[in-house]
C-alpha cells in the first residue's frame, strides 16, 4: 500500500484544501500549456500529474511516460491512473542507460526532483540526452540555502538558491523562469522591482518555488 511520507502527493488521500496538493496540481496545469508530443514525467510519484497531462492536453500530447524510483508509487499509478496513452515504470533518474532504454521526448517534466538527487550532473545529463532538439523541459524545485547546506528536510540532499537554479540551464537555447507560491505562478523577477508611481525600490516577495521552462 502506498503510504504518505509527508512529501508524496496522493490526491485520493488528501483534503481538497491541502496546500501541498494545491501547489503540485497547479504546476501540472501550468505545464500542460507547454506539453506536446511524447512527454516524460520524471519522478512521477503516484501518477496524478501524468494523468492531468494526458487527459487535459488532447490533440497536443500523444503519449506520457511516468518514471519513478519507488515501486509502490509505480504500482499505484498503474492501478489508479490507467490511460491507454500512458505508461508507468520503475527506474532511477540517474541511470546512465536510461536514455537508451526510453529514447527521446518532445517534452520532459521534472517537478520537485532535483533536490532529492545526489548525482545532479548525471540527472541533468540524462534529461538533456532524452530531450529532442527543439524540445521543452519544465523543471521545478523549492529554493533554499544552496548546495552542500542541509535543508532540514529529511528527503532533500539540499535546496538550491535562486541563482544556482537559474544557472542550471545555460546550455539550453532559451530559458524562462517563474516563481510559485501555492496556486499562484508568475514570471520571475530575480532582482528588485519598482513600485509604480513612487520610484522606490522594494524587494521581491518571497516565492518558495522556482519553475524553469527551457528549450533545447
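Selection of the stretch 77-101 for residues being in contact with a helix residue (DSSP H, G or I) (Cβ under 7 Å, 6 or more places away or on another chain) and outside any helix (DSSP H, G or I) yields 81, 83, 85, 86, 88, 89, 90, 91, 93, 94, 96. One residue alone among 50, 77 is in contact (Cβ under 8 Å) with a residue 24 or more places away in the chain and within 21 Å of residue 214 (Cβ to Cβ), and that residue is 50. Against the list (1) at pLDDT below 95; (2) over 23 Å from residue 208 (Cβ atoms); (3) in contact with a strand residue (DSSP E or B) (Cβ under 6 Å, 6 or more places away or on another chain), the condition residue 136 fails is (1).
Could you list, in sequence order, the residues of the stretch 130-153 that are touching a helix residue (DSSP H, G or I) at 6+ places or on another chain (Cβ under 8 Å), on the phi < 0 side of the Ramachandran plot and not in a loop (DSSP other than H, G, I, E, B)? 130, 137, 138, 139, 140, 141, 142, listed by residue number.
So which of 90, 12, 23 is at pLDDT 95 or above and surrounded by fewer than 16 Cβ atoms within 10 Å (Cβ to Cβ)? Steps first, please.
Numbers: 12 fails: at pLDDT 95 or above; 23 fails: surrounded by fewer than 16 Cβ atoms within 10 Å (Cβ to Cβ).
The match here is 90.
Selection within the stretch 154-180: residues that are at pLDDT 95 or above, in a strand (DSSP E or B) and under 16 Å from the mean Cα position of the chain (by Cα). The member of this set that is nearest to residue 8 (Cα to Cα) is 180. May I ask you to verify whether residue 109 is closer than 27 Å to residue 154 by Cβ, modelled with pLDDT of 95 or more and surrounded by fewer than 20 Cβ atoms within 10 Å (Cβ to Cβ)? Against the criterion (closer than 27 Å to residue 154 by Cβ, modelled with pLDDT of 95 or more and surrounded by fewer than 20 Cβ atoms within 10 Å (Cβ to Cβ)), residue 109 does not qualify.
Residue 72: surrounded by fewer than 16 Cβ atoms within 10 Å (Cβ to Cβ), out of contact with any helix residue (DSSP H, G or I) (no Cβ under 7 Å at 6 or more places or on another chain), in contact (Cβ under 8 Å) with a residue 60 or more places away in the chain and part of a helix (DSSP H, G or I), yes or no?
yes
When you look at residue 52, is it in contact with a helix residue (DSSP H, G or I) (Cβ under 6 Å, 6 or more places away or on another chain), more than 18 Å from residue 104 (Cβ to Cβ) and either surrounded by fewer than 16 Cβ atoms within 10 Å (Cβ to Cβ) or at pLDDT 95 or above (or both), yes or no? For residue 52, the condition - in contact with a helix residue (DSSP H, G or I) (Cβ under 6 Å, 6 or more places away or on another chain), more than 18 Å from residue 104 (Cβ to Cβ) and either surrounded by fewer than 16 Cβ atoms within 10 Å (Cβ to Cβ) or at pLDDT 95 or above (or both) - is met. If you filter the stretch 33-46 down to residues that are within 21 Å of residue 183 (Cβ to Cβ) and over 12 Å from the mean Cα position of the chain (by Cα), you find that the one that is surrounded by the most Cβ atoms within 10 Å (Cβ to Cβ) is 46.
The values are calculated or read from the model by the stated rules, or taken from the named source; none is laboratory data. These numbers were taken from a predicted model, which means no experiment stands behind them. Reconstructed Cβ throughout: ideal geometry from the backbone, glycine too, with neighbour counts over all protein chains shown.
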